[in-house]
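Engineer: Handing you this structure, nothing more for now.
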Amino acid sequence: MKEKLTSIRQEALALIAQDGADLEQIKIKYLGKKGELTAVLRGMGALSAEERPVVGQLANEVRADIEAALGEKAQQLRASALEAQLKAEKLDVTMPGSSPAVGHLHPLTQVQRELEDIFIGMGFSIAEGPEVELDYYNFQALNIPENHPARDTQDTFYIAENVLLRSQTSPVQVRTMEHQKPPIRIISPGRVYRSDALDATHSPLFHQLEGLVVDKGITMGDLKGTLEIFAKKMFGESTRIRFRPHHFPFTEPSAEVDVSCYVCGGKGCRLCKGEGWIEILGAGMVHPFVLSNCGIDPEEYSGFAFGLGVERIAMKKYGIDDIRLFYENDERFLEQF
Ligand code: DAH
């Protein structure tokens, strides 16, 4: 019996030591209810009284050895599993991370902010007005009575007979002068609407930036100086400006203002279509009728105003030939700014 016990111990320990040993299976095979060691213990009744304690003690030692070996092996397996896991999940903190895609401001917003910065730097502040506007502010107060031909080029969307989507930012001039006494120095950027079909150069929704200065003794020289500084800041220090006579109902005299082409410097190229000049805005001296419509005495005060298209400036600045690109939100376009 002693030999049997010794060989059980040897066999069991050898099995446990093997790679990939199934510990649960080995435990059942030797120590389980129907296990080999248990079978030996059961047969102990046949032993003599002297032999019994000796064999009993040996059997206990064998059991303890097998249990200890099983425990140790299980511990080893857990440790190597943990080590393998740590190895597999190792993080190299010196590797470059994957940075999340971060968006940026829309090119029109960028240009609008650039325009705002330039005028704020000259002492202008920002005024706002509603996009849903009264006929009175959008037209009548600006010296464009009903049936005036100037309404043709500014046909817009009507909410009611006298309520419309503003076709220009000029009504903000009137709203500002109505509740603010001179000196006035404001710009007003914002959305405007016209019932134009969408094509490469027209959109039923676009953006303008209005400017208005009213004070005692304001002259056309102030207008020219202001726009010259603006043009140099926006298009480069060597930029020159040119005034061409024009007509707007709310200014007198009125002008269209061109900047010298910042690509060719005025010699003529593809951007300026060979002209050497690029038209960028409309401007003029505020019409006395408009001043008096707003309760400002034109004998005491004078002013200038100007209005520019934000899309137009952005298209010229970046060489964009289709206005629709601004509204399609195609990332391949937006990404470039
Ligand atoms: N509101 C005009 C337009 O949409 C642009 C304009 C011209 C604004 C002359 C002005 C100005 O303030 O003085 O065509």
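The values are calculated or read from the model by the stated rules, or taken from the named source; none is laboratory data. Only a predicted model underlies this, so the values are computations on that prediction, with no experimental measurement involved. Reconstructed Cβ throughout: ideal geometry from the backbone, glycine too, with neighbour counts over all protein chains shown. The accessibility values were calculated without ligands, DNA or RNA, using every heavy atom of the protein model including side chains. Shrake-Rupley method; radii C 1.70, N 1.55, O 1.52, S 1.80 Å.
Engineer: Please list 3J(HN,Hα) in residue order for the range 238-243, calculated via the Karplus relation 6.51 cos²θ - 1.76 cosθ + 1.60 where θ = phi - 60°; whole Hz, with x for glycine and proline.
Structural biologist: 8, 5, 10, 10, 9, 9
Engineer: At 1.4 Å probe radius, can you tell me the per residue accessible area of the chain in Å²? Please report the intermediate quantities before stating the final value.
Structural biologist: On the way: 18960 Å² over 337 residues.
Result: 56 Å² of accessible area for each residue.
Engineer: While we're looking at this one, here's another question. Using a 1.4 Å probe on the protein heavy atoms only, what accessible surface does residue 102 show? Give it in Å² to the nearest 10.
Structural biologist: Approximately 120 Å² for this residue.
Engineer: Work out how far the C-alpha atoms of the range 2-88 reach from end to end along every principal axis, then list the three figures in whole Å, largest first.
Structural biologist: The Cα atoms of the range 2-88 stretch 59, 20, 16 Å along their principal axes.
Engineer: Same structure again: Run the lone-cysteine check on the chain: no other Cys C-beta under 4.7 Å from the residue's C-beta.
Structural biologist: Result for the chain is 294, no neighbouring Cys Cβ within the cutoff.
Engineer: Please find, in a Gaussian network model of the chain (springs between Cα atoms separated by less than 10 Å), the residue of 204, 96, 171 whose mean-square fluctuation is greatest.
Structural biologist: The residue that fluctuates most here is 96.
Engineer: Quick check: at a probe of 1.4 Å, how many percent of the accessible area of the range 186-337 sits on carbon and sulfur atoms?
Structural biologist: Numbers: 3530 of 7200 Å².
With neighbouring chains kept in place, the figure for the range 186-337 is 49 percent.
Engineer: Calculate for the chain the 222 nm mean residue ellipticity that helices alone would give, adding -39,500 (n - 2.57) per DSSP H run of length 4 or more and normalising by residue count, nearest 500 deg cm²/dmol.
Structural biologist: Details: 12 runs with 137 residues, N = 337.
Helices in the chain give a 222 nm mean residue ellipticity of -12500 deg cm²/dmol.
Engineer: Still on this structure: Alpha carbons only, please: Rg and Dmax for the chain, in angstrom.
Structural biologist: Just the Cα atoms of the chain yield Rg and Dmax of 44.7, 139 Å.
Engineer: Which of 25, 110, 180 moves most in a GNM of the chain, Cα contacts under 10 Å?
Structural biologist: Checking each option, the largest mean-square fluctuation is seen for 25.
Engineer: Tell me the label-point distance for the pair residue 78, residue 157, using the 7 Å Cα-to-Cβ offset, in nm and rounded to one decimal.
Structural biologist: 7.1 nm
Engineer: Ignoring everything but the protein chains, give the 1.4 Å probe accessible area of residue 220 in square angstrom, nearest 10.
Structural biologist: That residue has around 60 Å² of solvent-accessible surface.
Engineer: Could you grab the relative contact order for the chain? Cα pairs under 8 Å, six or more apart, rounded to a whole percent. Before the final figure, lay out the partial values.
Structural biologist: Working: 493 pairs, mean separation 47.3, N = 337.
This gives 14 percent for the chain.
Engineer: Using the alpha-carbon centroid of each, what span in Å lies between the range 232-275 and the range 80-98?
Structural biologist: Measuring centre to centre over Cα atoms gives 63 Å.
Engineer: With the chain treated as a Gaussian network of Cα nodes joined by springs under 10 Å, which of 130, 53, 182 yields the largest mean-square fluctuation?
Structural biologist: 53
Engineer: Tell me the net charge near residue 114. Cut-off is 10 Å between Cβ atoms, residue 114 excluded, with +1 for each Lys or Arg and -1 for each Asp or Glu.
Structural biologist: Value of the local net charge: +1.
Engineer: Let me ask another. If you take the Cα atoms of the range 192-337, find Rg, then find the Kirkwood Rh from the mean of 1/r over all pairs, what is Rg/Rh? Mind showing how you got there, number by number?
Structural biologist: Working: Rg = 17.2 Å, Rh = 16.8 Å.
Radius of gyration over Kirkwood radius for the range 192-337 works out to 1.02.
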